[in-house]
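Working notes, structure below.
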Amino acid sequence: TIRWTTSNPGVATVTSTGVVRARAGGRARISVTIDGVRGSSVITVDAPATVASIVMTPSAKSMTVKTFAQFTATPQDASGDPIAGHTIAWSSSNPAVARVYSNGLVEALARGTATIRASTGGKTGSASVTVTTTSTSDPDPDSGSGIASVTIYPQVYTIETGQAKQLIAIVRNGRGETLSLSGRTVRWTSSNTDVATVSSTGLVIGRRPGIVMIRMSVDGTVGTSTITV
């Protein structure tokens with residue numbers, strides 16, 4: 001009988017298998033009890049540096065309907081140096097025009113303008129998106145059911161041991177139109193589960209240092225992403 005506990009879940013949590021995740025600056029004692037015998041380890045979490053600003057790349061983007069663009073947000077300290085350890089919250093001022101996913105991937109949905117915002121540490125960065133159409137009438141996004149490509153975003157990424165990253169897969173037909181995953185057979189796999197595991201929804205967790213290929217197959221068509229832990 002094995003039981004893991006933390007003395008301060010606000011600072012660090014622990015799973016039933018002993019995986020510790022840092023939550024905030026401070027100290028926490030991680031304990032494990034095995035058949036009544038107890039052991040513990042003290043975890044110190046360094047608080048991330050204070051965010052002074054967030055730089056958005058690109059700062060402005062023109063897109064056409066049914067296309068995608070990857071945005072990045074870089075928190076910086078008062079000296080302008082990039083800092084890590086902050087979780088970015090993404091939002092769109094007009095999600096009917098441009099939708100943003102949890103990793104900064106923006107999808108153009110309709111003609112118009114939107115502001116993409118990235119927030120963390122009490123600061124917000126923004127980028128403008130202008131969406132245009134290439135013709136007077138756009139084809140239905142689900143027309144043509146055959147899958148031509150599967151693209152995983154981000155395609156290349158680096159995470160730390162114990163860190164999680166949500167991957168997003170975009171499926172397109174031969175005309176470049178985005179297809180729905182509803183009713184399709186979707187399978188996520190990792191080339192090395194000792195380095196990183198991936199859930200059935202594309203959530204990757206780093207396990208130990210190394211490089212791993214994450215694959216997502218939809219009805220036999222495969223997309224890949226390279227993760228460095």
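List of remarks:
- The residues of the range 60-98 that are surrounded by fewer than 16 Cβ atoms within 10 Å (Cβ to Cβ), part of a strand (DSSP E or B) and not polar (S, T, N, Q), listed by number, are 60, 82, 89.
- Residue that is least open to solvent (accessible area, probe 1.4 Å), among those in the range 1-17 that are under 27 Å from the mean Cα position of the chain (by Cα) and farther than 20 Å from residue 46 by Cα: 15
- Considering residues of the range 27-54 that are open to solvent by 60 Å² or more (accessible area, probe 1.4 Å) and of a type in the set (A, V, I, L, M) only, the residue farthest from the chain's Cα centre (by Cα): 37
- Inspection of the range 175-191 finds no residue satisfying the criterion of being free of Cβ contacts under 8 Å to residues at least 12 places away in the same chain and either basic (Lys, Arg) or surrounded by 13 or more Cβ atoms within 10 Å (Cβ to Cβ) (or both).
- Meets criteria (assigned to a loop (DSSP other than H, G, I, E, B), among the aliphatic types (A, V, I, L, M), out of contact with any Cys (no Cβ under 9 Å at 6 or more places or on another chain) and closer than 30 Å to residue 152 by Cα) for residue 114: no
The values are calculated or read from the model by the stated rules, or taken from the named source; none is laboratory data. Computed from a predicted structure; not experimentally measured. Heads up, the Cβs are rebuilt from the backbone with ideal geometry, glycines too, and the neighbour counts pull from every protein chain shown. The area values use the complete protein model at the heavy-atom level, side chains included, leaving out ligands, DNA and RNA. Shrake-Rupley method; radii C 1.70, N 1.55, O 1.52, S 1.80 Å.
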